[in-house]
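The values are calculated or read from the model by the stated rules, or taken from the named source; none is laboratory data. If you're wondering where the values come from, they're calculated on a predicted model, not measured in any experiment. Here the Cβ positions follow ideal geometry from the backbone for every residue, glycine too, while neighbour counts run over all protein chains shown. Side chains are part of the model used for accessible areas, which takes the heavy atoms of the whole protein and leaves out ligands, DNA and RNA. Shrake-Rupley method; radii C 1.70, N 1.55, O 1.52, S 1.80 Å.
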Amino acid sequence: MTTYDPNNIFAKILRGEIPCEKVFEDEDTLAFMDVMPQAEGHVLVIPKLGARNIFDVPAGVLSTLILRVQKLARAVKAAMGADGLTVNQFNEPAGGQSVFHIHFHVIPRWDGVALRPHSGKMADPAVLKAYAEKIRAALAADS
Ligand code: DGP
């Protein structure tokens, strides 16, 4: 299937049917903590409009989304005291995508610290909440 499935897990998060640890929301975008983080402070940034991935997302939605990715990248780096940051975006199973609602991974990085596996172990919700609080504070300081 290569069309958009409105019952994917991120669509359910957008409809409030599944909880998430939210760090940012506006009329176009939602950002929340990844439950299987590849590094401490790993955030996902998604559009509210349903699009499967890079191949079907409308240009205007993608343009807004990448600006929000930049906003989150700055806040996450500052909040986590990171040395750098990796932005990942996967398309179709062959490209590593497992949730079929387009999203960008915003992953803080530290010198000499390798990334953990993609879609690996579930994180402790209390730890995710603590990082989310720091990231929300950095966003508030930026606005
Ligand atoms: P990918 O589609 O391969 O880019 O990866 C999907 C990412 O989404 C992966 O890092 C794990 C994360 N993830 C999967 N299910 C959930 C969920 O229910 N909540 C949150 N917050 N993250 C999820």
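Residue by residue through the stretch 1-23, note down the ones that are among the aliphatic types (A, V, I, L, M), touching a helix residue (DSSP H, G or I) at 6+ places or on another chain (Cβ under 6 Å) and within 9 Å of the ligand (Cβ to nearest atom).
Correct list: 18 only.
Return the pairs, sorted by first residue and then second, in which the second residue is more than 7 Å from the ligand (Cβ to nearest atom) and not basic (Lys, Arg), the first residue lies in the stretch 9-21 and is without any contact (Cβ under 8 Å) to a residue 24 or more places away in the chain and open to solvent by less than 60 Å² (accessible area, probe 1.4 Å), the beta carbons are less than 6 Å apart, and the residues are 6+ apart or on different chains.
Listed by first residue and then by second, the contacts come to nothing, as the list is empty.
With 71, 48, 77 as the choices, which residue is touching a strand residue (DSSP E or B) at 6+ places or on another chain (Cβ under 9 Å), open to solvent by 70 Å² or more (accessible area, probe 1.4 Å) and within 14 Å of residue 138 (Cα to Cα)?
Result: 77 is the single residue among 71, 48, 77 that is touching a strand residue (DSSP E or B) at 6+ places or on another chain (Cβ under 9 Å), open to solvent by 70 Å² or more (accessible area, probe 1.4 Å) and within 14 Å of residue 138 (Cα to Cα).
Can you tell me which of (1) within 16 Å of the ligand (Cβ to nearest atom); (2) without any contact (Cβ under 8 Å) to a residue 60 or more places away in the chain is the one residue 49 doesn't meet?
For residue 49, the failing item is (1).
Does the stretch 93-115 hold any residues that are surrounded by fewer than 15 Cβ atoms within 10 Å (Cβ to Cβ), of a type outside the set (A, V, I, L, M, F, W, C) and part of a loop (DSSP other than H, G, I, E, B), and which are they?
96, 98, 111, 112
What's the total number of residues in the stretch 83-92 that are surrounded by 14 or more Cβ atoms within 10 Å (Cβ to Cβ) and more than 17 Å from residue 34 (Cα to Cα)?
1
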